[in-house]
1. Taking chain B as a Gaussian network, where each spring joins two C-alpha atoms under 10 Å apart, which residue of B:VAL16, B:VAL65, B:VAL37 fluctuates the most?
2. Over the stretch A:150-232, how many percent of alpha carbon pairs lie in each 5 Å bin up to the one with the longest distance?
3. Inside 10 Å of the C-beta atoms of A:215-227, what's the mean count of C-beta atoms belonging to other chains?
4. Placing +1 at every Lys and Arg Cβ and -1 at every Asp and Glu Cβ, with all other atoms neutral, what dipole size does chain A have around its Cα centre, in debye to the nearest 20?
5. Anyone know which of A:TRP173, A:TRP157, A:TRP115 comes out most mobile in the 10 Å Cα GNM of chain A?
6. What does the helix-only formula give at 222 nm for the protein assembly as shown: each DSSP H stretch with n ≥ 4 adding -39500 (n - 2.57), the total divided by the residues, and the result rounded to the nearest 500 deg cm²/dmol?
7. When Rg is the radius of gyration of the Cα atoms in the stretch A:2-100 and Rh is its Kirkwood radius, what does Rg/Rh come to?
8. Per the Kirkwood formula on distinct C-alpha pairs, the Rh of the stretch B:7-113 is how many angstrom?
Amino acid sequence: MRFKIYRFNPETDTAPYTKEYELSDIEPGTMLRDALLRIKNEQDESLSFRHSCGEGVCGSDGMNINGKNGLACVTAVETLKQPIIINPLPGMPVIRDLVIDMTQFYTQYRVAKPWLIVNDPVPEIEFTQTPEQRDKLDGLYECILCGCCSTSCPSFWWNPDKFMGPAALLQSWRFLSDSRDQATDERLEDLEGPYKLFRCHSIMNCVDVCPKQLNPTKAIGEIKKLMLKKML
Amino acid sequence: MSYQAKGLQAWFFQRVTGLFMACYTLYVLWLVLSTEVVSYQIWLAWFSHPLMNAATGLFFIQLAVHAWVGMRDIVLDYMTNDTLRFLTLTFISFFLIMSSLETIRTLFLLSVNV
């Protein structure tokens, strides 16, 4: 099985290049992360990439696999066309090989204020929600912040400092639709203007690549709908 | 709409104008297809009718608003240089305003002459 992997070490290389690797005796059901680990252990220990849980929960090993962003740990190699071309997530500064600088992504995540804002006195025991209120958070809270969606979004490529990106906007809607949150108006006010939310042109790359099958485009549409309701 | 044109307003205007223009286009298409021969006289009769004349005027104003939002989106996405951005947006708005004024003038003359 052949691999073409993006390599760049800023300490020794002047420009990025692609390096080819070959693996044999691939067991059925091998995930891309396992294959990369084998390459690293058996052939080239200088190959760098992030990974941790190995089962699509931590969101560390987001990368561009054959042109599409995804998590290496939940992508079976036998489903991929050869040679398997692996690049870092696009549009972000490369630290080394497949390791990217996620600062911009996290900065935008912070803009969404991903925490409950409650003005009333906090209840003594716990916040209560009806099952229906809780259901509204399904499809939103599961995000693992792997960055696959935002780094596949052309709007995020063009304006990563101003447009929040699908991941952060999904979180905006997660807290806007939370029955316990009391800052709906402030949150909507924050999102106004031509950039933060409205750079989204419903390209839907985010929906296409999300390894957790979430739908940021729908969430963004819900935010627009809520804004419109408040305006009218 | 100002250069700042708030996000929600611009987005909302684009959808509303799009809807109106779609209805208008379908109506004109139906008008043309259901008429055997579209001569200049028939065309003149259509567009000098007060309702059609007003609807056409509205169509071109909405077209300008719709185009403004779309062009502004493209400029905000792809142009990073502030001076270039300002000049392009100024040129686009000038072009849209002038062409809208000219269209309205034509439509007005059409309604007065008949």
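Read-outs throughout are calculated quantities, based only on the coordinates presented, and are distinct from any laboratory measurement. Fair warning: this is a prediction, and the values are worked out from it, not measured in the lab. With ideal geometry, Cβ positions are generated from the backbone for all residues, glycine too; neighbour counts draw on all protein chains shown.
1. B:VAL37
2. Histogram of Cα-Cα distances, whole percents per bin: 3, 16, 27, 26, 16, 10, 2, 0.
3. Mean partner-chain Cβ count within 10 Å for A:215-227: 1.
4. 760 debye
5. Of A:TRP173, A:TRP157, A:TRP115, the most mobile in the Gaussian network model is A:TRP115.
6. -15500 deg cm²/dmol
7. Rg/Rh: 0.93.
8. Mean inverse Cα-Cα distance, inverted, gives 15.6 Å.
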